[in-house]
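Participant: Let me give you the structure first, and then I'll get to my questions.
The values are calculated or read from the model by the stated rules, or taken from the named source; none is laboratory data. From a predicted model like this one, the values you see are computed outputs, not experimental measurements. Cβ sites come from the backbone with ideal geometry, for glycine too, and all protein chains shown count toward neighbours. Each accessible area value is taken on the protein alone, full model and side chains, heavy atoms only, with ligands, DNA and RNA left out. Shrake-Rupley method; radii C 1.70, N 1.55, O 1.52, S 1.80 Å.
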Amino acid sequence: MTAVTTDPKVDKPNGVGSTGTGGARRRLPRIPDRIRQGGLPYLLLLPAVLLELLIHIIPMLIGIVMSFRQLTQFFINNWGGAPWSGLDNYRIAVDFDAPIGEALLHSFLVTCVFTFFAVGLAWLFGITAAIMLQESFRGRGFLRAVFLVPYALPVYAAVITWAFMFQRDNGLVNHVLHDQLGLTDQPSFWLIGDNSIYALIIVSVWKGWPFAFLMLMAGLQNIPRELYEAASIDGAGIWQQIRRITLPSLRPVNQVLVLVLFLWTFNDFNTPYVLFGKSAPENADLISIHIYQSSFVTWNFGSGSAMSVLLLLFLLVVTAVYLFFTSRGRKGADA
Amino acid sequence: MAAPQSFLWTRRIVLTLLAGFVLLPVYVMVSSSLKPLQDVSGKFQWIPRNLTIQPYFDIWDTVPLAKYFVNSLIVAGAATALSVTIAVFSAYAVSRYTFRGKRAFTVTVLSTQMFPGILFLLPLFLIFVNIGNSTGLALYGSRGGLILTYLTFSLPFSIWMLIGYFDSIPKDLDEAALVDGCGPIRALFRVVVPAAVPGIVAVSVYAFMTAWGEVLFASVMTNDATRTLAVGLQGYATQNDVYWNQVMAASLVVSVPVVAGFLLLQRYLVAGLTAGAVK
């Protein structure tokens, strides 16, 4: 390095808070140095912490307070004036014999089924594509770009196109199923009624699988080539290599990926909202739409907040249990 | 390593099917945008019979698409710039220093990522309305208010990704700069940021794309003047008719900038994911 070898941190041209350059300061570098170093990380974090407070922490606290109040449209301009209702909002939300609780439970179960299939299929498509594109061949770069298109398209533009394809009278899906293949007696409804859950899962998988593909592709790059070479010398075929090397090596990626996919899919609002509008068909009434509906359409914010808090608690428990089991599995594998 | 025929054939079939699945809506979008209204209102045609580019002119008049475009650009751009800038500072602090409260900070940031947007929407809506009533500051319905709500998802993600990316840059680099007499802030901007350009690009692209496609906050927090594309596209559906050809043309127009940008920069995104998420 250069001639600055004594104590470099004293002589900062632009250092934070170092104003004095007199000889007296040079004799006591340690103390101000340490204080500055101790404060610097906090100074760097300050904007993020302030914003976190503003956009996450305070709204969450207000949301919790709201859930204990009878907050209807009359109190939107003065929510502090809404009467306390104790646990009423929660009691109503989990009273599964009454209409509100029954609808919430139904919506929750629909969301669970939807999430299971949407995440499962997105993962399956992602892992298949990632493995098949691992080796280089002609057209690989092109396919990789093509597979990422659903990820890059704005949600509303893509989902609105699917909504068009699922139209009863002028959509592609019925044209193919009814007119061209003759599989159905008459054109079916896809965006209302019992079929809507299928439409929702298909659109969600279409939109979600490229993220799985991207993450798994990144994970595959970290597997050392030597493992495959050694295996092939030992006589393992490509299918065996996939089963014995690729899949086990992807375990840490999969653990993160499945959790992230689960949370995103479970909380997804954009897809059902663009596909169905403000109120989804009963069969595809996802929880986030349901809460939106009970908050902004029927204007019951207190009840909506209680449902949000319940949803949050559920997600926290699932995540904690998931992390507990996966991290235990990982430790076991290391030992 | 020679792959057996069975694998090659499976690969060909599977990849063709997947590409077909992915591109089907893209084909519908492009072909329908070139059809006259009576053709998109009738039975679907795989091959357009009467080609027209008229929808591409009409989209600007049916709804004020240009205005929505500008709104989306401002909101998504500002949310991206703000979250990435702030994330650079905090990620640097977390990646390079040990301090009390570090774990609490990262855990908080990480966990807010998993919370549903609806959880923050209700209180933020009330906060904005009440601030407006008591101070006259019009946050509700304003672009500034919308930008602030977009930080609820773009800030945690940016911090999370950048911590991973900064961790992957050797500490020797900026330590050498410190030894050479740089202050920590100078070391950040002279050494760490230039070395992290791919990661910062990846995070920015991702943040921009998410904000560009956001629907929930945009549908609640905007009014006629500040409406973004996400809400504005619904304007092509009238009481009597849905102008499907215009919907498809407008969808294509709003998609082209982000898809092009993304495909150009996707290499960086994979690199960023490798460093940030997959560890």
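Participant: Can you tell me how many residues in the range A:299-317 are touching a helix residue (DSSP H, G or I) at 6+ places or on another chain (Cβ under 9 Å) and more than 10 Å from chain B (Cβ to nearest Cβ)?
Facilitator: Taking the range A:299-317 as the starting set, the residues that turn out to be touching a helix residue (DSSP H, G or I) at 6+ places or on another chain (Cβ under 9 Å) are A:299-312, A:314-316.
Narrowing the set further to residues that are more than 10 Å from chain B (Cβ to nearest Cβ) leaves A:299-300, A:303, A:306, A:310, A:314.
Number of matching residues: 6.
Participant: Cβ-Cβ distance below 6 Å, separation of 6 or more or different chains: which pairs start in the range A:196-209 with a residue that is in contact (Cβ under 8 Å) with a residue 40 or more places away in the chain and end on one that is part of a helix (DSSP H, G or I) and open to solvent by 20 Å² or more (accessible area, probe 1.4 Å)?
Facilitator: That search, which allows pairs on different chains as well, returns A:196/A:283; A:197/A:283; A:201/A:117; A:205/A:121; A:209/A:125.
Participant: Let me ask you something else. Select, from A:225, A:251, the only residue that is over 30 Å from residue A:277 (Cα atoms) and either under 20 Å from the mean Cα position of the chain (by Cα) or modelled with pLDDT of 90 or more (or both).
Facilitator: Details: A:225 fails: either under 20 Å from the mean Cα position of the chain (by Cα) or modelled with pLDDT of 90 or more (or both).
Result of the check over A:225, A:251: A:251.
Participant: Here's another thing I want to ask about it. Filter the range A:90-141 down to the residues that are surrounded by fewer than 18 Cβ atoms within 10 Å (Cβ to Cβ) and of a type in the set (Gly, Ala, Ser), then identify the one that is farthest from residue B:3 (Cα to Cα).
Facilitator: Checked the range A:90-141; the qualifying residue farthest from residue B:3 (Cα to Cα) is A:98.
Participant: Of the residues that make up the range B:170-187, is at least one surrounded by 20 or more Cβ atoms within 10 Å (Cβ to Cβ), within 24 Å of residue A:207 (Cα to Cα) and in contact (Cβ under 8 Å) with a residue 60 or more places away in the chain?
Facilitator: No, every residue in the range B:170-187 fails to be surrounded by 20 or more Cβ atoms within 10 Å (Cβ to Cβ), within 24 Å of residue A:207 (Cα to Cα) and in contact (Cβ under 8 Å) with a residue 60 or more places away in the chain.
Participant: Under 27 Å from residue A:203 (Cα atoms) and at the interface with another protein chain (Cβ under 10 Å from one of its Cβ atoms): does that describe residue B:44? Write out each step before concluding.
Facilitator: Values: under 27 Å from residue A:203 (Cα atoms): yes; at the interface with another protein chain (Cβ under 10 Å from one of its Cβ atoms): yes.
Here the answer is yes, as residue B:44 does meet what is asked.
Participant: Could I ask something else about it? If you take the residues of the range A:142-155 that are within 7 Å of another protein chain (Cβ to nearest Cβ), in contact with a Leu (Cβ under 8 Å, 6 or more places away or on another chain) and in contact (Cβ under 8 Å) with a residue 24 or more places away in the chain, which of them is surrounded by the most Cβ atoms within 10 Å (Cβ to Cβ)? It would help to see each step written out before you state the result.
Facilitator: Narrowing the range A:142-155 to residues within 7 Å of another protein chain (Cβ to nearest Cβ): A:143, A:145-150, A:152-155.
With the extra rule that they be in contact with a Leu (Cβ under 8 Å, 6 or more places away or on another chain), the set shrinks to A:143, A:145-149, A:152, A:154.
With the extra rule that they be in contact (Cβ under 8 Å) with a residue 24 or more places away in the chain, the set shrinks to A:147-149.
Working: A:147: 25, A:148: 22, A:149: 19.
By that ranking, first place goes to A:147.
Participant: Pick out the one residue from A:158, A:199 that is in contact with a Phe, Trp or Tyr (Cβ under 7 Å, 6 or more places away or on another chain) and open to solvent by less than 10 Å² (accessible area, probe 1.4 Å). Reasoning before the result, please.
Facilitator: Working: A:158 fails: in contact with a Phe, Trp or Tyr (Cβ under 7 Å, 6 or more places away or on another chain).
Every option except A:199 fails the conditions.
Participant: Now for a different question. I'm told residue A:295 meets every condition in (1) small (Gly, Ala, Ser); (2) more than 9 Å from chain B (Cβ to nearest Cβ); (3) within 24 Å of the chain's Cα centre (by Cα) except one. Can you identify the failing condition by its number?
Facilitator: Residue A:295 satisfies every listed condition except (2).
Participant: I've got another one for you. For the range B:31-55, what are the residues that are open to solvent by 60 Å² or more (accessible area, probe 1.4 Å) and in a helix (DSSP H, G or I)?
Facilitator: Start the filter on the range B:31-55 by keeping residues that are open to solvent by 60 Å² or more (accessible area, probe 1.4 Å), which leaves B:38, B:43, B:46-47, B:49-51, B:53-54.
Correct list: B:38, B:54.
Participant: Do we have any residue at all in the range A:183-196 that's open to solvent by 20 Å² or more (accessible area, probe 1.4 Å) and in a helix (DSSP H, G or I)?
Facilitator: Scanning the range A:183-196 turns up no residue that is open to solvent by 20 Å² or more (accessible area, probe 1.4 Å) and in a helix (DSSP H, G or I).
Participant: In the range B:114-135, what count of residues is obtained for those that are outside any helix (DSSP H, G or I) and more than 8 Å from chain A (Cβ to nearest Cβ)? Steps first, answer last, please.
Facilitator: Initial filter on the range B:114-135 (outside any helix (DSSP H, G or I)): B:114-116.
Then keep just the ones that are more than 8 Å from chain A (Cβ to nearest Cβ); that gives none.
Here the count works out to 0.
Participant: Sticking with this structure for a sec: Of everything in the range B:56-74 that's within 13 Å of chain A (Cβ to nearest Cβ) and touching a residue at least 12 places away in the same chain (Cβ under 8 Å), which residue is most open to solvent (accessible area, probe 1.4 Å)? Write out each step before concluding.
Facilitator: Of the range B:56-74, the ones within 13 Å of chain A (Cβ to nearest Cβ) are B:59, B:65, B:68-69, B:72-73.
Within this subset, residues satisfying the condition of being touching a residue at least 12 places away in the same chain (Cβ under 8 Å) are B:59, B:65, B:68-69, B:72.
Details: B:59: 0, B:65: 1, B:68: 23, B:69: 45, B:72: 7 Å².
Checking each candidate, the answer is B:69.
Participant: Right, another one. For a quick check of your reading: which helices (runs of 4 or more DSSP H) sit entirely within the range A:228-295 and have at least 3 residues that are touching a residue at least 12 places away in the same chain (Cβ under 8 Å) and crowded, with 20+ Cβ neighbours inside 10 Å? Outline the logic, then answer.
Facilitator: Values: elements: A:238-241, A:251-267, A:270-276, A:287-292.
Of the helices (runs of 4 or more DSSP H) lying wholly inside the range A:228-295, those with at least 3 residues that are touching a residue at least 12 places away in the same chain (Cβ under 8 Å) and crowded, with 20+ Cβ neighbours inside 10 Å span A:251-267, A:270-276, A:287-292.
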